[in-house]
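The values are calculated or read from the model by the stated rules, or taken from the named source; none is laboratory data. Values in this document were obtained by computation on a predicted structure and should not be read as measured data. Reconstructed Cβ throughout: ideal geometry from the backbone, glycine too, with neighbour counts over all protein chains shown.
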Amino acid sequence: MPDLDYPADLRYTSEHEWVRPGPVVRVGITAYAQDALGDIVYVSLPEEGAHVEAGQACGEVESTKSVSSIYSPISGTVQTRNPALDDSPELVNSDPYGDGWMFDVQPDDPDSPVGLMSAEEYRAGLG
């Protein structure tokens with residue numbers, strides 16, 4: 001397995017999404033997920049104002065290899081989508097924790113990201 005980055009300030013799901021906790025939670029896919037997918041050519045994200053449920057599919061990432069679902073790590077209302085991914089889906093490959101973020105969610109429960117894995121727990125689950 002390649003040595004990939006998993007920032008310590010983020011929380012992670014077993015489906016390879018990350019969240020940046022806060023009043024509004026930012027969501028993306030991990031370096032592991034983008035590496036496994038290969039070259040990303042299209043990203044379908046939930047619409048602003050849509051309600052997403054924790055653990056439920058809310059979008060898709062299409063690569064040259066396959067199509068994979070994006071699962072919402074928390075329940076809440078989508079505040080913003082990353083408009084840059086419409087024209088440049090490859091940002092998910094080049095910068096999964098920065099410019100390649102997917103969407104922001106206003107959580108139904110402000111404490112909801114607490115149950116997600118730390119970077120160390122996520123990394124341990126990969127190996």
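At a glance:
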quantity: Test: GLY98 is touching a strand residue (DSSP E or B) at 6+ places or on another chain (Cβ under 7 Å) and either at pLDDT 95 or above or assigned to a loop (DSSP other than H, G, I, E, B) (or both); calculated: no
quantity: Condition broken by PRO110, with the remaining ones in (1) more than 19 Å from LEU126 (Cβ to Cβ); (2) outside any loop (DSSP other than H, G, I, E, B) satisfied; calculated: (2)
quantity: Filter result for the condition that a residue is of a type in the set (Val, Ile, Thr) and over 14 Å from the mean Cα position of the chain (by Cα), over THR30, THR64, THR13, THR80; calculated: THR64
quantity: Any chance SER69 is at pLDDT below 95 and either under 10 Å from the mean Cα position of the chain (by Cα) or at negative phi (or both); calculated: no
quantity: Tally, over the range 22-55, of residues that are in a loop (DSSP other than H, G, I, E, B) and surrounded by 12 or more Cβ atoms within 10 Å (Cβ to Cβ); calculated: 11
quantity: Qualifying positions in the range 83-120 - among the β-branched types (Val, Ile, Thr) and over 13 Å from the mean Cα position of the chain (by Cα); calculated: VAL114
quantity: The lone exception for ALA124 - which of (1) touching a Gly at 6+ places or on another chain (Cβ under 7 Å); (2) surrounded by fewer than 13 Cβ atoms within 10 Å (Cβ to Cβ); (3) not in a loop (DSSP other than H, G, I, E, B) it fails; calculated: (1)
